[in-house]
Amino acid sequence: NEALLYMVDYLGEFKRNNSVEKLTFITLSDGEGGGLNGWDRTLSTRGSGYDSQGNWRSHTVINYLHDPVTKKDYKITQDSSVQTRVLIKLIKDRHDAKTIGFYIGRNSRRDLAWFVRNNAMTANAMDEVNLVSSLQTALRKQEFAYLTNCGRDEMYLLQSSKMGIKEVDLDVGNNMTSREIAKAFNKFLDVKKTNRVLLNRFVAQIA
């Protein structure tokens, strides 16, 4: 979250210095951002103090992050994941940017539940359970999954166990039969399939 906050102003400088007309802001993470605090070291939702009659009372506190450039206000809390979504939204609004995230994690129900809880805006616990199941299915089938309702335009989930680099050459010899050539080509395409599907989706977002 500290890095995102820094990027709010820096992206404007980057766009001016590089004459950028169309911006895509991409993040890569293997975890969640830390929480930010206000000037008094807290973003508490509760407070207390004297009212106009001199009585000591507790009250609800609602905090906002104000962007002096767009003049927009963003409701913000102590929740670090809420803060991440707010900062991504602020960047998107100020710089008219596409926002895409890559998240590297493990394909376990526990880790996926944590990922969903911190990134997906699910309505209830059952929606969360169903989303975890669908992410597991996608990861088994194509080795990546993605979210859309998460503060970014899209967020891709990549399995940490599948992050090794695979280099496979298309080996076709002069003496190979047409059947052998076809078999070698299919093997080559199978290895490239996941990368190709992910790349096509990513390119469609930034094109």
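The values are calculated or read from the model by the stated rules, or taken from the named source; none is laboratory data. All values derive from a computational prediction rather than experimental measurement. Methodologically, a virtual Cβ is constructed for each residue, glycine included, from the backbone with ideal geometry; neighbour enumeration extends over all protein chains shown. The accessibility values were calculated without ligands, DNA or RNA, using every heavy atom of the protein model including side chains. Shrake-Rupley method; radii C 1.70, N 1.55, O 1.52, S 1.80 Å.
Only one residue in VAL20, VAL82, VAL69 is without any contact (Cβ under 8 Å) to a residue 24 or more places away in the chain and either loosely packed, with under 11 Cβ neighbours inside 10 Å or in a loop (DSSP other than H, G, I, E, B) (or both), so which one is that?
After ruling out the rest, the residue left standing is VAL20.
Quickly run through the range 113-157 and pick out the residues that are closer than 18 Å to SER80 by Cβ, hydrophobic (A, V, I, L, M, F, W, C) and in a helix (DSSP H, G or I).
ALA113, TRP114, PHE115, VAL116
Pairs under 8 Å by beta carbon, first residue open to solvent by less than 100 Å² (accessible area, probe 1.4 Å) in the range 175-190, partner at pLDDT 65 or above and part of a helix (DSSP H, G or I), six or more apart or different chains?
Every condition considered, the pairs that remain are MET176/ALA184.
For LYS89, work out the one condition from (1) modelled with pLDDT of 85 or more; (2) of a type in the set (Lys, Arg); (3) surrounded by fewer than 14 Cβ atoms within 10 Å (Cβ to Cβ) it doesn't fulfil.
(3)
Take the residues in the range 49-66 that are out of contact with any Ser or Thr (no Cβ under 8 Å at 6 or more places or on another chain), not aromatic (Phe, Trp, Tyr) and not in a loop (DSSP other than H, G, I, E, B); name whichever of them is surrounded by the most Cβ atoms within 10 Å (Cβ to Cβ). Give the derivation first.
The initial filter retains those residues of the range 49-66 that are out of contact with any Ser or Thr (no Cβ under 8 Å at 6 or more places or on another chain), namely 49-55, 64-66.
Right, trim to not aromatic (Phe, Trp, Tyr) and you get 49, 51-55, 65-66.
Okay, now just the ones that are also not in a loop (DSSP other than H, G, I, E, B), so 49, 65-66.
Numbers: GLY49: 9, LEU65: 19, HIS66: 10.
Within the range 49-66, the match that is surrounded by the most Cβ atoms within 10 Å (Cβ to Cβ) is LEU65.
Quick test of your reading of the structure: ILE165 fulfils all but one of (1) within 19 Å of LEU28 (Cβ to Cβ); (2) open to solvent by 60 Å² or more (accessible area, probe 1.4 Å); (3) modelled with pLDDT of 80 or more; (4) in a loop (DSSP other than H, G, I, E, B). Name the failing condition by number.
(3)
I'd like to verify a number: residues in the range 94-107 that are modelled with pLDDT of 90 or more and open to solvent by less than 40 Å² (accessible area, probe 1.4 Å), how many?
Matching residues across the range 94-107 total 7.
How many residues, within the range 117-147, are within 16 Å of GLY31 (Cα to Cα) and either open to solvent by 20 Å² or more (accessible area, probe 1.4 Å) or over 19 Å from the mean Cα position of the chain (by Cα) (or both)?
The total comes to 3.
Working only within the range 52-85, note down all residues that are small (Gly, Ala, Ser) and modelled with pLDDT of 85 or more.
Those that are small (Gly, Ala, Ser) and modelled with pLDDT of 85 or more: SER80, SER81.
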